[in-house]
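Heads up: the structure comes next, in structure tokens.
The values are calculated or read from the model by the stated rules, or taken from the named source; none is laboratory data. Source: prediction; values computed, not measured. With ideal geometry, Cβ positions are generated from the backbone for all residues, glycine too; neighbour counts draw on all protein chains shown. Only protein heavy atoms, including side chains, enter the accessible area calculation; ligands, DNA and RNA are left aside. Shrake-Rupley method; radii C 1.70, N 1.55, O 1.52, S 1.80 Å.
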Amino acid sequence: MNQPKGQRKLAAILSADVVGYSRLMGEDEQATLETLKQYKQAIGRVIDRHQGRIVDAPGDNILAEFPSAVEAVDGAVEIQKVLEGRNLELAPQRRMEFRIGVNLGDVIEDEDGIIYGDGVNIAARMETLADPGGICISSPVYDAVEGKVQCGYDFLGEQQVKNIAKPINVYRVRATNVMPTRVRTLRVVGWQVAVLSLITGLALGALAIWLLPAPRQGPAPDEAKAGSRPAGSYLLIGQLVDLGGVTAGSGRIYGQAVIDATNWINANGGINGKLIDLDTTDTSYLVPRALAAYRKWQTQELMAIQGWGTPTTEALVKSVTEDRTPFFSSSYAASLTDPTGQHSGRATPYNFFYGPSYSDGCRGLVLWAQSDWRERGRTGIPRFVHMGENSPYPNAPKKACAAFATELGFELLPSISYSMVPGDFSAQCRRLKTLGADYAFLANTTLSVSALLKHCHALGVESQFMVNIWGFDETVMKAAGAAADGVVWVMGAVKWGDEVPGMYRVQEVSKMSDPAGHLYRPVHYIRGICSMFYLKEAMEWADSNGGITGPNIRQAIYQHQVWVPAGLEGVCSPATWTPQDHRGVNRVLVYRSHITGPTDGSDVQALIEDGTIRMERVFSVDIPRRPEWLGL
């Protein structure tokens, strides 16, 4: 075949297509075409951000060119991350996954802007070698990006591909430089994956200082133009979430809520007519992954972040402050509540979260314990113990809660350490039994809490367990069964199905990923909706008062007192943030679990519906905003 005449040039070419497109069309043609249209628009926005252009897009294919291999690979990785987040919104059988191939080579561009030649053909062949949701690149691309694009690369060897005379060296691109367990020859079971993830996270955490985004260059923070980001027709919001790490149990639930809330907002007018482009990154609770995502967002028109995890949030405090990026986190560490830094020594003016701080949550549980001790007619001094891993999230309320328990007259016992990764916690339970603790505060997340409850139940431990806000939910009640009966824990909103005015809105949001409205949503889901709707209303105010910029969003948050987003009345606890105090929510709701039968063999929804597991609110208190507690 003769090549058309035109301009010859060197270009980085990206080729992408949909996996299983014919099957999707056969099952539901209209839905497939609508999804494809939306995904192509999302892909196009990413290509634009990386200085590329779409050359052609017939059917389910996309051909694009970029000025450099670095932009092409960065764009390919971002495309797959964006689509991964969007696919979470769809039923598994309706998810649309793209394969992407990238090549750097000689092409001919005709007068219509179409490109031809072996450079294009090789990119298309790279695409066919990629996994669903994956990326393959040729050796010229690898040589150009290795050491410049922070990804991992697996050498797949020489590949003979159709219509290309010589074999081509091919590399698989991984979104991080952490070797996936699937490439090992050993068979790794679930708990070992969790251990490896945690160990890897701790090791990589030591690189956090090196990986931190560089200080922003430009005007000083108090100059009028600093932090200004022009708003286009799409508003970029970054989402950090744990889908595969040690906190994935609650991370998936919360992350889905933010996605559903965003889609509902877009379907109902967006932000004063502007649509949100939610860019989701799975951090797997690893700080370096979050830092890499933030570095990418720094080059874009980022408006705000919905974040995840105390280690990640703490690592980004300095950057979001310098960049004036509002950061709504799922970390409720009290260290994030001092916007001026006058009390804690570190200013956090752009950090916000919906819910009581971990410190206030523990204070609320201690107040409940004091009431419980009296109601049961107990005499003597109640004994309190903190149990958790020695890491940022479990440690966040440790000092503050111990001081408050002592203030209320509790005897403070030596803390007991146990891992966030589930394991055999018999030794910790025997220690707890020996100490004779009356009240044990569990500061870890759901998976390790489930394991500890079961081991302590088997050993006959009689302590009253009290759990932090991310450490207990319906999945723990199912997993631990009778061992979870009577546990009390912190809640930040009402539970699914409660008869409050705003529950209708919550259930409508849920239909964005469950159109039939049949799914039961665990407790963390509702907090995710609240967090996104607070950000929504702040962005709307900013848009009407000078434009959507970080400083304007921050000012919007300060406009409200006892604030509940419209349509969520009775669902979200009232919030008040001020320029001097970011303890937005000080109401602590304490719930008790009830387990009335076996929990094996049924899912959470069935157990809730037949009453085998249920939740009861037993206490509510507004924790005073004492000045000396700010930031602690």
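Can you name every residue in the range 8-48 that is among the aliphatic types (A, V, I, L, M), within 16 Å of ALA124 (Cβ to Cβ) and surrounded by fewer than 19 Cβ atoms within 10 Å (Cβ to Cβ)?
VAL19
Given the structure, is SER250 on the phi < 0 side of the Ramachandran plot and open to solvent by 20 Å² or more (accessible area, probe 1.4 Å)?
no
Could you please let me know if PRO221 is exposed (fewer than 13 other Cβ atoms within 10 Å of the Cβ) and either at pLDDT 50 or above or not aliphatic (A, V, I, L, M) (or both)?
So PRO221 fails the test.
For MET126, which of the numbered conditions (1) closer than 24 Å to LEU278 by Cα; (2) touching a residue at least 40 places away in the same chain (Cβ under 8 Å) fails to hold?
Single failed check for MET126: (1).
Search the range 147-160 for residues being surrounded by 11 or more Cβ atoms within 10 Å (Cβ to Cβ) and farther than 13 Å from ALA130 by Cα, and hand back the single one that is farthest from the chain's Cα centre (by Cα).
The extreme case among them is GLU158.
Can you run down the residue pairs with Cβ atoms below 6 Å, 6 or more apart or on separate chains, where the first is in the range 349-362 and more than 18 Å from GLN306 (Cα to Cα) and the partner is in a helix (DSSP H, G or I) and at pLDDT 95 or above?
From the range 349-362, the pairs are SER359/ALA334; SER359/ALA400; CYS362/CYS401.
State the number of residues belonging to the range 436-480 that are assigned to a loop (DSSP other than H, G, I, E, B) and either surrounded by 24 or more Cβ atoms within 10 Å (Cβ to Cβ) or at negative phi (or both).
Here the count works out to 15.
Please go through the range 253-283 and give me each residue that is outside any strand (DSSP E or B), open to solvent by less than 30 Å² (accessible area, probe 1.4 Å) and out of contact with any Leu (no Cβ under 7 Å at 6 or more places or on another chain), ordered by number.
Result: ILE253, TYR254, ALA257, VAL258, ASP260, ALA261, ILE265, GLY270.
Among the residues of the range 611-623, are any closer than 28 Å to GLU407 by Cα, among the aliphatic types (A, V, I, L, M) and surrounded by fewer than 20 Cβ atoms within 10 Å (Cβ to Cβ)?
Looking through the range 611-623, at least one residue is closer than 28 Å to GLU407 by Cα, among the aliphatic types (A, V, I, L, M) and surrounded by fewer than 20 Cβ atoms within 10 Å (Cβ to Cβ).
Conditions first: (1) touching a Phe, Trp or Tyr at 6+ places or on another chain (Cβ under 6 Å); (2) hydrophobic (A, V, I, L, M, F, W, C); (3) open to solvent by 10 Å² or more (accessible area, probe 1.4 Å). VAL564 passes all but one, so which condition is the exception?
(1) is the only condition that VAL564 fails.
If a residue has to be open to solvent by less than 30 Å² (accessible area, probe 1.4 Å) and in a helix (DSSP H, G or I) to count, how many in the range 312-325 make the cut?
Residues that pass the stated criteria total 8.
Which of the numbered conditions does ASP131 fail, given that it passes all the others? Conditions: (1) crowded, with 18+ Cβ neighbours inside 10 Å; (2) out of contact with any helix residue (DSSP H, G or I) (no Cβ under 6 Å at 6 or more places or on another chain); (3) of a type in the set (Asp, Glu).
Here ASP131 meets the rest and fails (1).
For VAL588, work out the one condition from (1) surrounded by fewer than 20 Cβ atoms within 10 Å (Cβ to Cβ); (2) more than 30 Å from ASN268 (Cα to Cα); (3) touching a Pro at 6+ places or on another chain (Cβ under 8 Å); (4) in contact (Cβ under 8 Å) with a residue 40 or more places away in the chain it doesn't fulfil.
(1)
Given (1) assigned to a helix (DSSP H, G or I); (2) open to solvent by 40 Å² or more (accessible area, probe 1.4 Å), where does ALA76 come up short, assuming only one miss?
Evaluating ALA76 over (1) assigned to a helix (DSSP H, G or I); (2) open to solvent by 40 Å² or more (accessible area, probe 1.4 Å) leaves (2) as the failure.
Of the residues that make up the range 537-554, is at least one open to solvent by 40 Å² or more (accessible area, probe 1.4 Å), small (Gly, Ala, Ser) and without any contact (Cβ under 8 Å) to a residue 24 or more places away in the chain?
Yes, there is a match, as at least one residue in the range 537-554 is open to solvent by 40 Å² or more (accessible area, probe 1.4 Å), small (Gly, Ala, Ser) and without any contact (Cβ under 8 Å) to a residue 24 or more places away in the chain.
So, of the residues in the range 354-392 that are closer than 17 Å to ARG617 by Cα and either of a type in the set (A, V, I, L, M, F, W, C) or not in a helix (DSSP H, G or I) (or both), which turns out to be most open to solvent (accessible area, probe 1.4 Å)?
The extreme case among them is LEU367.
Does the range 426-435 include one or more residues that are in contact with a Pro (Cβ under 9 Å, 6 or more places away or on another chain), of a type outside the set (D, E, K, R), open to solvent by less than 20 Å² (accessible area, probe 1.4 Å) and farther than 23 Å from ASP360 by Cβ?
No - not one qualifying residue is present in the range 426-435.
Consider ALA400 against the criteria (1) touching a residue at least 24 places away in the same chain (Cβ under 8 Å); (2) surrounded by fewer than 24 Cβ atoms within 10 Å (Cβ to Cβ); (3) closer than 22 Å to THR599 by Cα; (4) not β-branched (Val, Ile, Thr): it satisfies all of them except one. Which criterion is unmet?
Condition not satisfied by ALA400: (3).
Kindly evaluate LEU83 against the criterion of being in contact with a Leu (Cβ under 9 Å, 6 or more places away or on another chain) and either farther than 21 Å from ALA144 by Cβ or aromatic (Phe, Trp, Tyr) (or both). Break it down into steps so the answer makes sense when it comes.
Working: in contact with a Leu (Cβ under 9 Å, 6 or more places away or on another chain): no; either farther than 21 Å from ALA144 by Cβ or aromatic (Phe, Trp, Tyr) (or both): yes.
So LEU83 does not fit the description; no.
Of all residues in the range 230-275 being over 24 Å from ALA290 (Cβ atoms) and hydrophobic (A, V, I, L, M, F, W, C), which is farthest from the chain's Cα centre (by Cα)?
Within the range 230-275, the match that is farthest from the chain's Cα centre (by Cα) is ALA231.
Return the only residue of SER510, SER531 being within 17 Å of the chain's Cα centre (by Cα) and under 25 Å from GLY584 (Cβ atoms).
From the options SER510, SER531, the qualifying one is SER531.
Here are some conditions: (1) farther than 30 Å from GLU322 by Cβ; (2) assigned to a loop (DSSP other than H, G, I, E, B); (3) at pLDDT 50 or above; (4) open to solvent by 90 Å² or more (accessible area, probe 1.4 Å). ILE164 meets all but one. Which one does it not meet?
Result: ILE164 fails condition (4) only.
In the range 411-425, which residues are closer than 24 Å to LEU367 by Cα and either assigned to a loop (DSSP other than H, G, I, E, B) or in contact with a Leu (Cβ under 9 Å, 6 or more places away or on another chain) (or both)?
Listed by number, the residues that qualify are LEU413, PRO414, SER415, ILE416, SER417.
Taking the range 284-315, which residues are hydroxyl-bearing (Ser, Thr, Tyr) and more than 14 Å from the chain's Cα centre (by Cα)?
The answer is THR299, and nothing else.
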